[in-house]
């Protein structure tokens, strides 16, 4: 293995890879938005909810397939051929086993939701486990080598194929099945692509000692991911079980819209931060500097989108989704504020894992998810909006708890993070208040198209105007990176 880059070099690599991965993530998400909007016009919230009932369990099966060993491959300073091949065969075997188990339990899932249509969807979606397991090690090797440019291009291709397949199936009248075939086609393309990009091939070796050597770290990662996933999705399970497919369709769509900017920023940065932090894991001061800067930039990018979505939810839903989705707007008004907490939380695992502190991450996840479970259980009898409001409270409480834990890994206190993000939040809140006032007092009786045509440019002008006026640090960093990239492009053309 080559020596890990040090000093400013790791910062340049992080910035370059965040840029590429961000481009790929935005492109993929835009494709998903387009296909989602088209399908929302062809399907009802209940039909979306049917697939959501299966996806919430199917996605956890993907966590089970990893067992934390893929993350261990990235975190370790050195890896051996025995470790790579062993993890590959383990993942493949677990993927096949999960597909068989999920298919066998499909009738139980249908019974749990009291929805017979769920059984067939679960059986077909189980094939995804085998497909994804075959490419997991190759993907992790690309991430370990910071090959995010290639990964971003591949994910855009996979997203395009999935979107086209879903829309074609929807136009053909496939209803809920259009979402299923889109997901399967995307998985096939991405798995084939990582094999083409990374030419490593597994040997026939399977080493139990290699598994034991990685198990200490991997088991903590797996436990933390399990708690994190179940805690993040228990509300969906409960909504689907007790409030039905229609409510789950609305709730799931609100969650997806809230997560779009988070996925496109914080999760992109986190994916690059983890292997980068693993390379400099013995330098907590440098990790702290990069973490604070990344959190501020991510917050700067997501906060206007999230609060903008919260404040223009009424005209946005009416114009984009149509009359069947009217109850989505109140959920967006709550979930936009929840997304601000999720923006910061999404970055924290890269610090814990990069520093090799998966055990601490697990313990914090347990505490945070116990709070989430309690909030969902208390709110459920009072309806869908009550679940959303208490999820908001639980999300911010969880952020405070985990940020306290961050100070054990790197020299960043809760107060330091508050001071880091407060200027950005002030800009976003000012934008929210101005757009809310205009939308409420001047545009209430206007058509959704007119309201959005005024609200969106107004919000952008207010937010960026204030950021420029006060010379917000994150805005200066973003502008500097854009100018640098444009200058390099002009040099290459010259």
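Points to keep in mind about this one:
- Filtered by the rule that a residue be closer than 28 Å to residue 69 by Cα and outside any helix (DSSP H, G or I), region 102-149 gives 105, 126, 135, 145, 146, 147.
- Taking region 68-101 as the range and being surrounded by 19 or more Cβ atoms within 10 Å (Cβ to Cβ) and assigned to a loop (DSSP other than H, G, I, E, B) as the test, the residues that pass are 68, 79.
- From the options 98, 43, 53, residue that is farther than 24 Å from residue 271 by Cα and out of contact with any helix residue (DSSP H, G or I) (no Cβ under 6 Å at 6 or more places or on another chain): 43
- Subset of region 210-225 [more than 22 Å from the chain's Cα centre (by Cα) and either free of Cβ contacts under 8 Å to residues at least 12 places away in the same chain or under 30 Å from residue 117 (Cα atoms) (or both)]: 212, 215, 216
- The residue pairs whose first member lies in region 80-92 and is at positive phi and in contact (Cβ under 8 Å) with a residue 12 or more places away in the chain, whose second member is in a helix (DSSP H, G or I) and crowded, with 20+ Cβ neighbours inside 10 Å, and whose beta carbons are closer than 9 Å, counting only pairs six or more residues apart or on different chains, do not exist in this structure.
- Restricted to helices (runs of 4 or more DSSP H) entirely inside region 323-420, those with at least 2 residues that are more than 30 Å from residue 279 (Cβ to Cβ), at pLDDT 90 or above and under 22 Å from the mean Cα position of the chain (by Cα) are 328-354, 384-409.
- Any hit, region 153-171, residues being surrounded by fewer than 19 Cβ atoms within 10 Å (Cβ to Cβ), modelled with pLDDT of 90 or more and outside any helix (DSSP H, G or I): no
- Filtered residues of region 432-449 (kept if part of a helix (DSSP H, G or I) and without any contact (Cβ under 8 Å) to a residue 40 or more places away in the chain): 433, 434, 437, 438, 440, 441
- Within the option set 213, 295, 245, being under 22 Å from residue 418 (Cβ atoms) and either at pLDDT 90 or above or out of contact with any helix residue (DSSP H, G or I) (no Cβ under 7 Å at 6 or more places or on another chain) (or both) holds for one residue only, 295.
- Only a single item in (1) modelled with pLDDT under 90; (2) surrounded by fewer than 20 Cβ atoms within 10 Å (Cβ to Cβ); (3) within 30 Å of residue 382 (Cα to Cα) is not met by residue 282, and it is number (3).
- Only one of the numbered conditions (1) within 29 Å of residue 136 (Cβ to Cβ); (2) touching a helix residue (DSSP H, G or I) at 6+ places or on another chain (Cβ under 9 Å); (3) part of a helix (DSSP H, G or I) is violated by residue 206, and that is (3).
- Flag for residue 289 being assigned to a helix (DSSP H, G or I) and buried (at least 24 other Cβ atoms within 10 Å of the Cβ): no
- Residue list for region 130-170, filter: over 19 Å from the mean Cα position of the chain (by Cα) and under 26 Å from residue 50 (Cα atoms): 130, 131, 133, 161, 164, 165, 166, 167, 168, 169, 170
- Sub-9 Å Cβ pairs linking a first residue in region 341-359 that is farther than 18 Å from residue 306 by Cβ to a second residue that is modelled with pLDDT of 90 or more and outside any helix (DSSP H, G or I), at least 6 apart or interchain, are 351/410; 351/412; 355/410, ordered by first then second residue.
- The set of residues in region 442-471 that are out of contact with any helix residue (DSSP H, G or I) (no Cβ under 6 Å at 6 or more places or on another chain) and closer than 27 Å to residue 294 by Cβ comprises 456, 460, 461, 464, 465, 468, 469, 470, 471.
The values are calculated or read from the model by the stated rules, or taken from the named source; none is laboratory data. Keep in mind it's a predicted model, so treat the numbers as computed, not measured. Cβ atoms come from the backbone with ideal geometry, glycine included; neighbour counts cover every protein chain shown.
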